[in-house]
1. Based on the Kirkwood radius over alpha-carbon pairs, what is the Stokes-Einstein translational diffusion coefficient of the range 15-66 at 10 °C with 1.306 mPa s viscosity, in µm²/s?
2. Compute the FRET efficiency between residue 298 and residue 29 as 1/(1 + (r/R0)^6), taking r as their Cβ-Cβ distance and R0 = 56 Å, and round to the nearest 0.05.
3. Pop out the ³J(HN,Hα) list for the range 213-228 in order, Karplus 6.51 cos²θ - 1.76 cosθ + 1.60 with θ = phi - 60°, rounded to Hz; leave Gly and Pro as x.
4. Separation between the residue 270 and residue 53 pseudo-spin-labels, each 7 Å from Cα along Cα→Cβ, expressed in nm?
5. Want the number for residue 187 to residue 371: 0.36 nm per residue separation, take away the alpha-carbon distance, what's left?
6. Starting from 0.36 nm per residue, how many nanometres of slack lie between residue 114 and residue 316 once their C-alpha separation is accounted for?
7. Calculate the spin-label point distance for residue 107 paired with residue 22, positioning each point 7 Å from the Cα along the beta-carbon direction, and give it in nanometres.
8. Tell me which trypsin sites (Lys or Arg not before Pro) from the range 140-236 have a DSSP coil assignment and no more than 15 other beta carbons within 10 Å of their own.
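Values quoted throughout were computed directly from the atomic coordinates according to the rules given, and no laboratory measurement underlies them. Computed from a predicted model, the values in this text were never measured in an experiment. Positions of Cβ are backbone-derived with ideal geometry, glycine not excepted, and every protein chain shown enters the neighbour counts.
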Amino acid sequence: MASLSVKPGQRFTLPDWQNNSLLISANAEQQRFNSHHVRQEGRALRNETGNQAKWDEHNSRTHLKDRITNVDKWREALAKCLTDIDLEIDALTKVKEAAENALQAKNLCLDVAIECLTFRESRRDIDVVRDPVEEELHREVKVIEKTKKELQQRVDDAFRQLCLLKEARQQLSLDHRHKVEALELDRQCMSFNPTSGNISFKVNPTRNPDGTTALSEWELNSRRNKERAEAEMRASVDLRGAITLSIAQTNNELDAQRIATEFALRKRMRDMEAALSELRWQEKNTLEEIAEMEEEIRQLEEDIRKRTLDLKVAHTRLETRTYRPHIELCRDQAQFGLTDEVQQLEGIIRALQQKRTESQDALDALYRQLHRIQTDIGYKTNSLQLDNKCMDTRRKLVVPVEKFDPEVDAVSRTRNLPRNSQLEL
């Protein structure tokens, strides 16, 4: 008889076995539920963090774009200001050189006056008198010395103003260079993306570096530099005008009157040219408005034609429906609709016709105004031609310097001066 080789293990009952299976199933379902919940939370978190990261990066990129645009606008403004201040420095330098040349040219007049006084000291006996000629010569010397002093003061003022302009230009150039560097860095930041090869973690990147300024301070500094440069340029423009006026006032009374007259004539010509430019601008805009108004009238007439055809259709439909037999000739919704359509179309046509009349009146007024503008342009063109003829005629009053060749040795040192000493305003 066979026998077991080992001792049998513990025996469980059938309910224990069933409870164990149910427990395993319940635990499995619970774990799957927990896993599903964690997965859903993880997916929601990934979506939320992904969207947040995208929006944050989008906002950062937008802020960088706005910053680049703002800095670039200031860079362009400073670049234009730099160009203007360079032009102003060149213009003031030329005016300063003109004042120096005018100052040097006065040496000839002074030498001639002193030489004449020296010659008159050789008079003898009763001829040694203080006559009007001597008084005029002494007065001439005083006028020349006063003129030289005034021109020297103007030269000194121009030198100081040039120093101020160059100082303001240096600040502008520094600010402009800094903005170019900042633009390059911000554009480099714009080019960074997650696949860039030069990105890495940095030590405390959110710190405020030493020397960090507020946005208002940054903008105030740029505006201050620009406004200072503009103020210096305005002062330079005023100074150039004053220097030019001082040079003009060094001539005698007849030359001063001539220059004043030519200055006024030139100013009048500038005003005339400005008026002509304004009239031509008005003529161009008026012609454009006439074309647009004519097109609008054509559109109104086309709409009137279309609405008239629509009205004919509505009339025909109403008239055709009057032939419905017996009881069919009723006032139905179609009848009401067609009646309303006729009334609406008639009102629309009246409004369009009224607007066409108003547009035609406006077009006629535009043509009348265009005629006035073109007539005034003709008048001003003729006046400008006459003023140009006056300027050509007044050139006869200027004595060319080439005709004067000094023969006195005392003034020979001024022969190498620039020939054209007449300055045009």
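1. Approximately 111 µm²/s, per Stokes-Einstein.
2. Between residue 298 and residue 29 the formula returns 0.10.
3. Once θ is set to phi - 60°, the couplings for the range 213-228 become 10, 6, 4, 5, 5, 4, 5, 5, 5, 5, 5, 5, 4, 5, 5, 5 Hz.
4. 6.5
5. 60.7 nm
6. Residue separation times 0.36 nm, minus the Cα-Cα distance, leaves 61.7 nm.
7. With each label point 7 Å from Cα toward Cβ, the separation is 12.6 nm.
8. Here the trypsin sites (Lys or Arg not before Pro) that fit, given the DSSP loop and packing criteria, are 202, 207.
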